[in-house]
Each structure stands twice: as structure tokens, then as C-alpha cells.
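*Asks:* Below is the structure I would like to discuss, written out as C-alpha cells.
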Amino acid sequence: MTDVLDAEHRTGQIRIHDAAGFEGMRVAGKLAAECLDLLTPHVVPGAVTEKLDDMAREFILDHGAIPACLFYRGYGKTTCISPNHIVCHGIPGERVLREGDIVNIDVTVIVDGWHGDTSRMYGVGEIAPRAKRLIDVTYESIQRGLDQVKPGNRTGDIGYAIQQYVESMRCSVVRDFCGHGLGKVFHDAPNILHFGQKGTGEVLQPGMFFTIEPMVNLGKHSVKLLSDGWTAVTRDKSLSAQCEHSIGVTETGYEIFTGSPAGLFKPPVQGA
Ligand code: MF3
Ligand code: CO
Ligand code: CO
């Protein structure tokens, strides 16, 4: 997702894509989703996050695609892997996943120039009821956002719907990162804030492509950046969850480009 401070410097016009763009995004989105499908059985106690990243990179390269994050602004990995109180941009490394962790894995691939960007929550072994509840709230929140996507609605309608729902569930929405336009560009206009006011922001039009990727915390919304310059964590160390789809606005609503062919966008969790 995009850093809101960086995003404010984005002046570009919102691009409107044609049928060929939709076809390009379908192919890229599907490969990104298949990459997360592939990882699902491997997100288990004892898994080393760097090994999961290696699997993702090999899968993407084997399919003739490009890992978009590798070398992006100096980032050195294919995926972002963000357990527990890491909000986003966790860097895969020697960390070993443990029973009870919840973890977001975010991957972006480039196929024929088109970007497919998606993330999901995985439960490691058996997870606690409050962790399960946070994940459920996060998935319901993206759906509330998607329900607002149709021509004539505004980007603020998406953020408003997400925030209203999340706060009604006594959770909070992260303010410091947002969804983003994408296509042949990774992070493009418009910004998709996951909070805000109805009737504000850009008017949605058929052919716009963007992500919705709410980050939801069990505690307060504040985040801080660790000294590695990437890892964002909740200030109060509360658990954080996220999920992300890349979508296109159609004449009547939206098309999800990153749906899971295996039906694993919301992976099953044990316990709780
Ligand atoms: N995939 C992230 C997003 O949703 C971007 C990660 S950029 C990286 O936009 F450099 F941290 F990988
Ligand atoms: Co994104
Ligand atoms: Co992403």
C-alpha cells in the first residue's frame, strides 16, 4: 500500500482503461492470487518467513512474471510478511512463525506490464478467538468497501463504509497507509483511504483500476515505523490485520482481478 504522505505528492490524473487493460489485469491478478494460494499450506508453525518469500519469488519467475516489490524503492524481497502487531511491510527474514500467530502476506506481480497486487490473512496453527474476530472484521470491511464501488459513487464512500463498520466492531482503521490506483504503474492515482466522509473524493468511473487494502487494528489506529525504514507496527502493540484486492470499476459495479482460483482469499483458520 501507499504511504499517505508520499501519496499526497501524487499529481497524476486517474487513468481510464479499456478492455485490453481489463484483460491484462485479469492475467496479472490471477497469478498474484495463485501465488498466495500456493503459500497457504506452508504457513504453519515452524515456517521461516524468508522461505515463504523464496517460494513466492520462484513461483513468479517460473511463470515468466516479475516480482514488483523486489528492488522497488530499495525493498529487497518479493513479498511483505507481517505477523501479529506488524501492520504492513514486514520484511521476510529469519523469523519463525509460531502457533497462534496471525500473518498477512502481500504480493505484487507484473505480467506484460500489468500489476496484480493482493494480500490475505493466514492463521498459524490454532489462533485465539480475538485474533479470529479481527480477521473476520477485516474481511467484512473490504466487502463493505467493495459494495460502494460503482460509477457515480466517490472514493470517500469506500472509506466511510469501511471506517463505519470497523469502528462499530470496536476496532480501528489505520490512517497512515492507503489503497492506490494501479495498472501499468504500481502506485498511481487515486488514493483510496480506508476512512473518511461520504460524498467526498474522486468520482468513480468505469475503467478505473485500484486496490482496496484496509489495515484494521484491535487497539488504537496509531502506527510507528521501525528503524529498518519499512516495518510499520501498531504503537500500542495490538494485533493488526489486512487484506487486499486489485479491482476495476465496471459499468455496473466492479470486477475483482485477484480472486483466488482455489477459493482461498480468506484461508480457513483453526481454533477460535
Ligand atoms: N504490496 C504493497 C501494496 O499493497 C506494496 C509493498 S511495497 C514494498 O501496495 F516495497 F514494501 F514491497
Ligand atoms: Co497495494
Ligand atoms: Co499489496
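The values are calculated or read from the model by the stated rules, or taken from the named source; none is laboratory data. What you see is a predicted model, and the numbers here were worked out from it, not measured in a lab. All Cβ positions, even for glycine, are placed from backbone atoms using ideal geometry, and neighbour counts span all protein chains on display. Remember, those area values only see protein heavy atoms, side chains included, never the ligands or the DNA or RNA. Shrake-Rupley method; radii C 1.70, N 1.55, O 1.52, S 1.80 Å.
*Asks:* Just the number, please: percent antiparallel of the DSSP beta bridges in the chain, rounded to the nearest 5.
*Replies:* The antiparallel proportion sits near 100 percent.
*Asks:* Among A241, F210, S168, flag the residue with its Cα farthest along the positive direction of the charge dipole of region 117-272, charges on Cβ as +1 for Lys/Arg and -1 for Asp/Glu.
*Replies:* After comparing all options, I get S168.
*Asks:* Same structure, new question: Roughly speaking, to the nearest percent, how much of region 78-232's 1.4 Å accessible area is carbon and sulfur?
*Replies:* 47 percent
*Asks:* Still on this structure, please answer the following. Would you kindly state how much longer the chain becomes between Q164 and E251 on full extension, computed as 0.36 nm times their sequence separation minus their alpha carbon distance, in nm to one decimal?
*Replies:* Contour length minus Cα-Cα distance gives 28.7 nm.
*Asks:* Is region 156-237 rounded, prolate or oblate when judged by the Cα gyration tensor, a ≥ b ≥ c being the square roots of its eigenvalues, rounded requiring a/c under 1.5 and prolate requiring a/b larger than b/c?
*Replies:* Here region 156-237 falls in the oblate category.
*Asks:* Taking the Cα centre of region 139-193 as the origin, how large is its charge dipole in debye, to the nearest 20, when only Lys and Arg (+1) and Asp and Glu (-1) carry charge on their Cβ atoms?
*Replies:* For this selection, approximately 80 debye.
*Asks:* With helices defined as uninterrupted DSSP H runs, which ones in the chain have an alpha carbon span along their own long axis of at least 24 Å and mean Kyte-Doolittle hydropathy of at least 0.0?
*Replies:* Correct list, ordered by number: 19-39.
*Asks:* Sort 124-136, 239-251 by packing, meaning the average of other beta carbons within 10 Å per residue, with the highest value first.
*Replies:* 239-251, 124-136
*Asks:* Also, I was wondering about something else. For the ranges 182-193, 207-218, what's the packing order if you count other beta-carbon atoms within 10 Å of each residue, average per peptide, and put the highest first?
*Replies:* 207-218, 182-193
*Asks:* Once the other residues with Cβ under 11 Å from the Cβ of I142 are scored (Lys, Arg +1; Asp, Glu -1), what is the net sum?
*Replies:* Residues close to I142 contribute a combined charge of -1.
*Asks:* I'd like to compare 51-57, 13-19, 75-81: which one has the highest average count of other Cβ atoms within 10 Å, and what's the full order after that?
*Replies:* 75-81, 51-57, 13-19
*Asks:* A follow-up question, please. If r is the Cβ-Cβ distance from Q197 to E126 and R0 is 35 Å, what FRET efficiency results, to the nearest 0.05?
*Replies:* It comes to 0.30.
*Asks:* Using a Cα distance threshold of under 12 Å, what count of lysine pairs results for the chain when pairs must be 8 or more residues apart or interchain?
*Replies:* Lysine pairs, 8 or more places apart or on different chains, close enough: 4.
*Asks:* Report the net charge of residues surrounding I105, where surrounding means a beta-carbon distance below 10 angstrom and charges are Lys +1, Arg +1, Asp -1, Glu -1.
*Replies:* -1
*Asks:* Let me ask you something else. If Lys and Arg each add +1 and Asp and Glu each add -1, what is the summed charge of the other residues whose beta carbon sits under 11 Å from the beta carbon of T49?
*Replies:* Local net charge: -2.
*Asks:* Could you work out the relative contact order of region 64-148, using alpha carbon pairs under 8 angstrom and six or more residues apart, expressed as a whole percent?
*Replies:* Once divided by the residue count of region 64-148, the mean separation gives 24 percent.
*Asks:* Relative contact order for the chain: what is it in percent, counting Cα pairs under 8 Å that are at least 6 residues apart?
*Replies:* Dividing the mean separation by the residue count of the chain yields 25 percent.
*Asks:* Want the number for Q13 to L70: 0.36 nm per residue separation, take away the alpha-carbon distance, what's left?
*Replies:* Taking Q13 through L70 to full extension adds about 17.9 nm, to one decimal.
*Asks:* Can you give the three extents of the C-alpha atoms in the chain along their principal axes, from longest to shortest, in whole Å?
*Replies:* 46, 44, 35
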